[in-house]
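The values are calculated or read from the model by the stated rules, or taken from the named source; none is laboratory data. Just so it is clear, the structure is predicted and the values come from calculations on it, not from any experiment. Heads up, the Cβs are rebuilt from the backbone with ideal geometry, glycines too, and the neighbour counts pull from every protein chain shown. Only protein heavy atoms, including side chains, enter the accessible area calculation; ligands, DNA and RNA are left aside. Shrake-Rupley method; radii C 1.70, N 1.55, O 1.52, S 1.80 Å.
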Amino acid sequence: MAESMKGLKRTHRCGELSAANVGEIVTVMGWVQKQRNKGGIIFVDMRDRAGILQVIFEESDCGTENFEKASTLRSEFVIAVVGKVEKRSGAVNENLSTGEIEIRATEVRILSEAETPPFPIEAESKTKEELRLKYRYLDLRRPDLQNNLILRSKICTSIRNYMAGEGFLEIETPILQKSTPEGARDYLVPSRVHPGSFYALPQSPQLFKQLLMCSGYDRYFQVAKCFRDEDLRADRQPEFTQVDLEMSFVDVDDVIAVTEGMVAKVCKEAIGHEVSLPIQRMTWQEAMDRFGSDKPDTRFGMELVNVSDVVANCGFGVFTGALANGGSVRGINVKGQAEMPRKKIDALVDFAKGYGAKGLAYLCVLPDGTYKSSFSKFMTEEELAALVAAMDGQPGDLLLFAADKLKIVWSVLGALRCELAKQLELIDPDKFNFLWITEFPLLEWSEDDNRFVAMHHPFTMPMDEDLPMLDTDPGKVRAKAYDIVLNGVELGGGSVRIFQDDVQEKMFEVLGFTKEQAWDRFGFLLSAFKYGVPPHAGLAIGLDRFVMLLVKAESIREVIAFPKVKDASCLMTNAPDVVDDKQLEELQLKIEVINEEA
């Protein structure tokens, strides 16, 4: 039966005690990790968020009643213990921060009993994630998960302290706002007061933070909750948190400098890592050409090589056909893997097909200097030698080639180099390689919409020297946009914003919006711009991703207290769920079940 805390007050958390407390009488409270009854002595490991502590019960110290209570303790019982801190009588446990000491108990109270949990509450759990997420309140008791969330809290505190020191004001922006369907899909919220009308949950505070610059707040930031109704991946959730900032009277370098300072402070305070500043910068074009990705992992080499000129007149139709169709031929050199089994090479071909490739050509430079290749019969010895030289191929190397439209070639080889780096264990997990990607294309062509769409958003400023091309060749216009990348993951990004009416109108025109459509969607922002708007720029960093990378977790679900799974549902609460008819009536909504077969 549960007992009261009356008369007891916790003096320490379990993991806070050390040899410095030897001799003190303390009161600790927490969960039973495990109990071991050795007959005349009972050992109990107690756990709270600060750590694990060993408690010993002997009848001569705690009396018969307390000793008998200790003998009934099971995993996850919540208890309070009064006792004396002593040097550990047995061997020191170097795996625990409290490994030098133990508590010799004089009193125990069972504050709450517990059923046997459906899985062990322990670090590095081998339990299936679906079961852990169903009982997330138990999963959250695991020390490694608690450490992740404690670190996340410290990171938020560090960010707030840094931003305040840099003169930023923390201002909250609305969660219920107008839908502006340009980008990812909105989550919609029906209005009871305005039947047939809907709010949207924010994909970002973008428009409001620009309005705050119009209002003269100069430097804004927010640890902001955002929502996107999109397909999930390991580093995506339908609701996520970003560190959002905006600054007035600045350009690219100013935003980058503030962000670098924040990132360096967080890394130092959270994990003791010194970030070398300034962080390396690379243009979008260079990143795509060298790594096939605008978020390259630079912890290893295996860079792409353009061999289009070398194979332009060869006899291999796959290469020349791709070039004739305006495509490209590029390759990567997998050092020392010339004798990779054919079965593994075939698996790489299948992998490449998953990224849009029709196939993958390979050439092995064997240890004796001869070649084994999927296309050698179509090329002369001289052509093969020139290709190997262009790839810096040495005896023992495996050369892999993709030939297709440039976008596909980049995608295939960019993914392939990362996959091979994992398979061959080329990545140092202790490295933290930050990188800025700059000068993104302003626009990209959408085959679905048959028009240009903004690569970032419609308020991104073009590079000054590229402005004239908005009329003549919009696809070549570069943006004053920048992404920060860590270990091949996009941490966040931002841009300098358009603040001149004529440039904004031209941007909407290029995106295919009529003036009426632009004002219907963004009228409140365009109206504000009529009353004096400063040059401004900003950025947002994904907090979940940042914490995930710093703790080296495989998924952002490991750094979010109550995450969703891949179909955007919560296994613990069964959200989303149906609502009753009365709620629908109040909203003047009717659910129509669509016959999918029909």
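Details
- Amide H contacts of Leu111 (H built 1.01 Å from N, in plane; Pro and chain starts excluded): Glu3, Val78, Ile79, Ala80 sit under 5 Å, all sequence-distant by 5 or more or on other chains.
- Shape of segment 296-380, Cα gyration tensor, a/c cut at 1.5: rounded
- Normalised contact order of the chain, rounded percent, pairs of Cα under 8 Å and 6 or more residues apart: 13 percent
- Of the cross-linked pairs Lys335/Lys372; Lys407/Lys515; Lys178/Lys515; Lys154/Lys268, those separated by over 21 Å at the C-alpha level are Lys407/Lys515.
- Residues Lys476, Lys34, Lys431, ordered by accessible area of protein heavy atoms at a 1.4 angstrom probe radius and largest first, appear as Lys476, Lys34, Lys431.
- Gain upon complete extension [Leu424, Thr283; 0.36 nm per residue less C-alpha separation]: 47.9 nm
- Heavy atoms of Asp449: accessible area, 1.4 Å probe, square angstrom to 10: 90 Å²
- Listed residues Tyr482, Val311, Leu188: farthest to the positive end of the dipole of the chain (Cβ charges): Leu188
- Helix runs (DSSP H) in the chain reaching 27 Å along axis by Cα, Kyte-Doolittle at least -0.5: 143-165, 252-271
- Whether segment 179-246 is rounded, prolate or oblate, judged on the alpha carbon gyration tensor where a/c under 1.5 counts as rounded: oblate
- Shape category assigned to segment 472-598 from the gyration tensor of Cα positions, a/c cut at 1.5: oblate
- With contacts taken as Cα pairs under 8 Å and at least 6 residues apart, segment 225-275 reaches a relative contact order of 21 percent.
- Ranking of Arg219, Arg136 by solvent-accessible surface, largest first: Arg219, Arg136 (1.4 Å probe, protein heavy atoms only, all chains present).
- The calculated Kirkwood hydrodynamic radius for the chain is 28.7 Å, given to one decimal from all distinct C-alpha pairs.
- Accessible-area composition of segment 146-230, carbon plus sulfur, in percent [1.4 Å probe]: 50 percent
- Pair-distance profile P(r), taking every C-alpha pair of segment 249-361, with 5 angstrom steps and integer %: 2, 9, 12, 15, 17, 12, 7, 9, 9, 5, 2, 0
- Simple Cβ-charge dipole of segment 478-585, Lys/Arg +1 and Asp/Glu -1, about Cα centre, in debye nearest 20: 520 debye
- The aspartates and glutamates within cross-link reach of Lys6, meaning a Cα-to-Cα straight distance under 19 Å and a gap of 8 or more places when in the same chain, are Glu65, Glu107, Glu113.
- Cβ-based charge dipole, the chain, positive-most Cα from Ala454, His536, Ala164: Ala164
- Computed accessible area, Tyr199, all protein chains, 1.4 angstrom probe, square angstrom: 80 Å²
- The calculated FRET efficiency for the pair Ser71 and Ala164, based on their C-beta separation and a Förster distance of 60 Å, comes to about 0.70.
- Summed over all non-identical Cα pairs, the Kirkwood treatment of segment 45-144 gives a radius of 15.0 Å.
- Remark on segment 33-88: ratio of C-alpha radius of gyration to 2.2 N^0.38 Å is 1.07.
- Each residue, Glu444 and Phe43, gets one label point 7 Å from its Cα in the Cβ direction; the gap between the two is 5.7 nm.
- In this structure segment 490-598 gives 57 Å² per residue of accessible area when probed at 1.4 Å with all protein chains present.
- Rounded percent of accessible protein surface that carbon and sulfur make up, segment 270-343, 1.4 Å probe: 46 percent
- Measuring with a 1.4 angstrom probe and ignoring ligands and nucleic acids, His12 comes out at about 40 Å² accessible.
- Alpha-carbon centroids, segment 333-407 and segment 143-172: separation in whole Å: 48 Å
- Computed over protein heavy atoms with a 1.4 Å probe, the accessible surface of segment 271-345 works out to 50 Å² per residue.
- For Lys566, the lysines whose Cα comes closer than 26 Å to its Cα, not counting residues fewer than 8 places off in the same chain, are Lys126, Lys128, Lys134, Lys225, Lys295, Lys353, Lys422, Lys552.
- Farthest positive-ward along the chain dipole, Cα basis, beta-carbon charges - from Phe351, Pro563, Val412: Pro563
- Within the accessible area of segment 414-482, the carbon and sulfur atoms contribute 47%, probe 1.4 Å, all protein chains present.
- Total charge dipole magnitude, the chain, about the Cα centre, Cβ charges on Lys, Arg, Asp, Glu only, Debye to nearest 20: 1460 debye
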